[in-house]
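Everything on this sheet refers to the single structure shown next.
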Amino acid sequence: MSRQETTTRPFESDPSVSMLKFRYCWIVLAVSLLEASVVSRVANASEVVMSGGDFEEAAIGQSPGGWRVFTPGTSPQISVVAGGPGNSTKCLRGTRSSSGKLVALSKPLSGPQRRVVIEFTFAFSKNVGRVFHIWSSEPDATDAGRLNLCVQNGALMQFDGRTRSWDVVSREVKASNNAASPIWHRLQAIVDTDHGGITFRLSKPGTLKLPDAPTATRHGYRMPGLIGEIGLVSGQRIASDAWYLIDDLVVKGGLDLPAPEKVEPLPEPYALWTGPPIPKDVFRIPFVPQIVHRTIHRPKADGYRFLHGAAIVHHDGVFYANWANSPTNENGPHETLQGKRSLDGGVTWSPLEVVGPGFDGPDRHSHGVLFEHQGKVWTICSRFGVGESGRRFDGLRGEAFVLNKEADRWESRGIVMRNCWPYDEPVRMPNGNLITGGQDKDGLPIVAISHGDDVSKWDSILIPYDHRLAPSFAETTVHTSCSTVLAVIRGGGNVAWVSVSKDFGRTWSKAGPSNLPMPRAKAYFGRLSTGQYYLISNLVNRDTLVISVGKPNEMTLQKMWRVRHGKSVPPRFPGAAKGKQWSYPYGYEHDGKLYIVYSVGKEECGLSVLDIAQLTVD
């Protein structure tokens, strides 16, 4: 049949129908192309989206090709050097630079990604502070996001965007003594911007084999958002004289890659504060009415010029106060426990007397607690410097001294606590044992429990803690209500941390954050004769010392007053860890008044006296 003889179907002669058919074909074609694109993207999901991380083609002494300065105008000190793990002959070396701001050398991925697997090999130097830092960011971003990983103070850490604090991924990393023989590690990070968590796998130091099981899953920084670049950090975030090495950096992208594991959710804050919102402006918090301030001790140029950790007690008409005294530095050699007495209610004080004399060698005495027991005045002070190694205090133990009234001198009763630095007056529990809070040789939260009335024997019990607590000096203070013991702990996140025991301090809940603001500083938890629980603590920083009080027999706090506020007098003598502050409070009630002792600039012992009748809660 010829073309002219071909039969024409009626609808084809209608122009409007032809146009509909044309549009339909384009829609089908567009859908097909979209489906093909999706299929293609999934099929190619495991492709490498950033390579060239072996640096073998780069020139020594230069930045590798394809990398750019993250923040214009900065000068990161990151360049190719000889060496590398395995068969590598070159790697990348990063050090501190003088540039400020967000200083890094950054390389874009081949395209923005929602899910990536980042792997690299790294080594780092010994140093105090941060020695290595890597981050990811959005395309053409001006700040880091998602992965924000560093090594600082001997631990691999990820920055948690929820709490805005560094969270330990692993402490199983090892620094290198020199760059010529580095200790290599291999790390994998699985990041998905729709997931909160980042799953890490870390090899053992000196090996490159990743473990089958995840090392940790930690929350990311500034989630969600696309990942477009990887940055190696330089600048002033890296410690002086520190260095790190990077090699075999590769990034794969795609949604068919393994997803991160579920990140542990933040626990609900413990409701330690049940009062109205605490004003952000501390000037809106009233001072305790009619409060009286005094100075118990001020050092002289020829004496012990460091003072910290005061305690106070009353016995037979006499107030006793003592504290740690060092010649110059906190926790320094030749530290002692010294104190004074008052016969007139704390108005005037006697000359200094030595309680714990210290030692000529590395061992030393330091501050502790004072209490009355069976008609005698006891003090249990910390002693450390010789013995089992600790992250903070080698050989930490508690030594007891008792006042011999007849001879009018303090006599040692020997070591009564192991691995505990006590911080508050021991509290009698209904089961007959005494309990005090403290910290252990590693700076972790701990309590000590007596064997009934035998205060020459104490059991030390560690309090489990959420890893985000990142304890450094986790001073702990406790009080009781029947079998319940509440511990208030110095922690991170600018809040007080809390743990609860329901069995007289034998087992504890995992310490976690409360809703009460508190900087990293020791607090003191007690109970007044009115049945009101109280907490003396710093607020915002050590320029402000406050007391928070609850209603009778309620183990929460509802009203707050200032005790001291503003800059303290500056220290008159040099010494490590000194500075303007009112800190390390300790409370003791006597005859309707609360006596609060504390450090003033870690050089003087201050005393504030207030009438507990002023501490009413409506």
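Side notes on the structure shown:
- Based on DSSP H segments of at least four residues, each scored -39500 (n - 2.57), the chain has a per-residue ellipticity at 222 nm of -1500 deg cm²/dmol.
- With the simple spin-label model, which puts each label point 7 Å out from Cα in the Cβ direction, the Glu411 to Ser98 separation comes to 6.6 nm.
- Fraction of alpha-carbon pairs over 30 Å apart in segment 48-253 - percent: 10 percent
- Taking N as the residue count of segment 175-327, its C-alpha radius of gyration divided by 2.2 N^0.38 Å amounts to 1.82.
- Charge dipole of the chain about the Cα centre (unit charges at C-beta), most positive-ward option of Tyr304, Tyr423, Leu337: Tyr304
- Taken as Cα centroids, segment 112-189 and segment 543-618 sit 40 Å apart, rounded to the nearest whole angstrom.
- Relative contact order (percent, whole number), the chain, Cα cutoff 8 Å, 6+ residue spacing: 11 percent
- Of every Cα-Cα pair in the chain, the percent that sits beyond 32 Å: 57 percent
- Relative to one another, the C-alpha centroids of segment 80-104 and segment 426-450 are positioned 48 Å apart.
- Arranged from fewest to most other beta-carbon atoms within 10 Å of their beta carbon, Phe371, Phe132 become Phe371, Phe132.
- With Cα atoms, 0 to 90° folded angle of helix 15-43 axis to the chain main axis: 50 degrees
- Order of Ser460, Ser382, Ser501, Ser412 - criterion: other Cβ atoms within 10 Å of each residue's Cβ, fewest first: Ser412, Ser460, Ser501, Ser382
- Straight-line reach from Lys262: taking Cα to Cα under 28 Å and skipping same-chain neighbours fewer than 8 places apart, the lysines in range are Lys174, Lys204, Lys209, Lys252, Lys510.
- Considering only Phe393, Ile380, Pro286, the residue lying farthest towards the positive end of the dipole of the chain is Pro286, judged by Cα position with unit charges set on Cβ.
- Computed extension gain for Leu266 through Arg298, at 0.36 nm per residue and net of the alpha carbon distance, reaches 7.0 nm.
- All-pairs alpha carbon distance profile, segment 138-183, 5 Å steps from 0, percent: 5, 19, 20, 18, 15, 11, 9, 2
- Cβ-based net charge around His565, under 13 Å, with every Lys or Arg adding one and every Asp or Glu removing one: +4
- Prolate/oblate/rounded call for segment 348-387, Cα gyration tensor, a/c under 1.5 rounded: oblate
- Neighbours of His185 by Cβ distance under 15 Å: Lys/Arg scored +1, Asp/Glu scored -1, total +3.
- When the inverse distances between all different Cα atoms of segment 286-614 are averaged and flipped, the Kirkwood radius reads 19.5 angstrom.
- Here the dipole of segment 48-253 is about 460 debye; that uses its Cα centre as origin and unit charges on the Cβ of Lys and Arg (positive) and Asp and Glu (negative).
- Of the trypsin sites (Lys or Arg not before Pro) in segment 236-296, the ones in a loop by DSSP (not H, G, I, E or B) with at most 13 other beta carbons within 10 Å are Lys262, Lys280.
- Legend: calculated FRET efficiency, Ser240 to Arg391, from the Cβ-Cβ distance at R0 = 22 Å, rounded to 0.05, equals 0.45.
- Solution diffusion estimate, µm²/s, Stokes-Einstein, segment 512-618, Kirkwood Rh from C-alpha pairs, 4 °C, viscosity 1.567 mPa s: 90 µm²/s
- Prolate/oblate/rounded label for segment 308-457 (Cα gyration tensor, a/c 1.5): oblate
- Unit charges at the beta carbon, dipole of the chain: most positive-side option, Gly73, Thr556, His479: Gly73
- Segment 226-264 and segment 353-411 have their alpha-carbon centroids 48 Å apart.
- Take every pair of alpha-carbon atoms less than 8 Å apart whose residues are at least six positions apart; their mean separation over the length of segment 286-614 yields a relative contact order of 15 percent.
- About its Cα centre, the chain has a charge dipole of approximately 860 debye under the convention of +1 per Lys or Arg Cβ and -1 per Asp or Glu Cβ, with nothing else charged.
Read the figures in this text as sums done on the coordinates, not as results from a lab. Note that the structure is a prediction, hence the values are computed from the model and not measured. Using ideal geometry, Cβ is built from the backbone for each residue, glycine included, and neighbour counts are taken over all protein chains shown.
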